[in-house]
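First the structure, in the form of structure tokens, and then the observations on it.
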Amino acid sequence: MQRHRATSYDVARHAGVSQSAVSRCFKEGASISAKTREKVLAAARELNYYPNAIARGLITQRSNLVAIIISNLTNLYYPEVLSQLTERLSQHGIRVLLFTLAAESDVDEVLDQVWQYRVDGAIVAARLDPSQLAGFADRGVPVVLYNRVGEDVPVASVCCDSVAGENLLVEALLAHDHRKFGIIAGPEDSYVGEERVNAAIRRLHQHRADYVLVRGQFDYASGETALKDIMRQTDGRIDAVICANDLMAVGAIDCARAHFSLNVPDDISIVGFDGVGPATWLSYQVTTIRQPVRRMTEAAVSMLLERIASPETSPEQRLFAGELLSGNSARLG
């Protein structure tokens, strides 16, 4: 037999107060006396009453839901980002709806799902074209891009300076007599991956350094496969490998040691990007660029909340510098 679910009217009758007093008791910042609040909360506990967030959203025209769209190809880095975003949004009483992409080019399919929910805003770690950004604007849903920028359309965004970070890595390798390079890129539809790889290529061209480029999938296995391909193409004559992320660098390090019996970094230098936890493990200590995840997520949440409260807020881009971690996977000294 289905039990009756207590309503605010039940609590009001039980506490001997008005229904509006119950509503004020559960509304943040509302005026209510301490004595009345105590009576209402006691009645609510006895009746096992909890406010209905959906019903409240119908009244306030706010769902207190934020969509986070993220590519699952970006492996170990984004769970940390997702955890930070969820924690910060929860502090403001906002819940997260997570939408994952098999690849960044699958955004349209995910947006069809997003539109079925009345989200107050979205944080998107994927490439959005002008028509997709227009879809958010047409629906009055503010959006903040994470580690992306708008293409030909001004949009709020938070980014790590991938170009500056990649330049730091390449210059450090060149300064220590590395001249023949392998580059392990990610999928071509990854905005961040392509930005990093293109920055490395430009800097190598400036120094007339030789390089071979192969593509991976941002995962451990493709780091191993890609290094084998690079070694085949260069007959093993390679000084350094630049990976578009840390997990492929870890895969390449293990492959260099186990498959080619190379010492890292004495025989070959391997660098990554992101600064994820496993990259700092003693067996790897990858030379990499660590992104300031905490500061970036704080900025993304702050910018989104500002735009939810004031939709007319103009677009802005906040750029954060990464930190060069001189680990044990590259000869830099």
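No value in this document is a laboratory result; all are computed from the given coordinates. In this text the structure is predicted, and so the values were computed from the model without any measurement. FYI the Cβ positions are ideal-geometry reconstructions off the backbone, even for glycines, and counts take in every protein chain you see.
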Reported label for calculated Kirkwood radius over Cα pairs in Å given (1) 23.2; (2) 22.4; (3) 21.9: (2)
Global geometry of segment 162-291, whether rounded, prolate or oblate, following the gyration tensor of its Cα atoms and the 1.5 cut on a/c: rounded
Cα centroid separation, segment 91-116 to segment 188-233 (Å): 29 Å
For segment 131-139, 3J(HN,Hα) per residue [Karplus equation, 6.51 cos²θ - 1.76 cosθ + 1.60, θ = phi - 60°, Hz, x = Gly/Pro]: 5, 5, 5, 5, x, 5, 4, 4, 9
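For segment 8-51, what ratio Rg/Rh do Cα atoms give with a Kirkwood hydrodynamic radius?
On the way: Rg = 9.0 Å, Rh = 9.9 Å.
Reported Rg/Rh, Kirkwood definition of Rh: 0.90.
Give the residue list of trypsin sites (Lys or Arg not before Pro) in segment 208-242 that are DSSP loop and have at most 10 other beta-carbon atoms within 10 angstrom. Walk me through the numbers on the way to the answer.
Working: sites: R208, R215, K228, R232, R237; in loops: R208, R237.
Counting only loop positions with at most 10 other Cβ atoms within 10 Å, the trypsin sites (Lys or Arg not before Pro) in segment 208-242 are R208, R237.
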Partners for K228 among lysines (Cα-Cα distance below 18 Å; same-chain residues under 8 apart left out): K180
Set of lysines with alpha-carbon distance to K27 below 24 Å, sequence-local pairs under 8 removed: K35, K39
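Dividing the alpha-carbon Rg of segment 237-333 by 2.2 N^0.38 Å yields what?
Values: Rg = 18.1 Å, N = 97, 2.2 N^0.38 = 12.5 Å.
Its radius of gyration relative to the 2.2 N^0.38 Å reference: 1.45.
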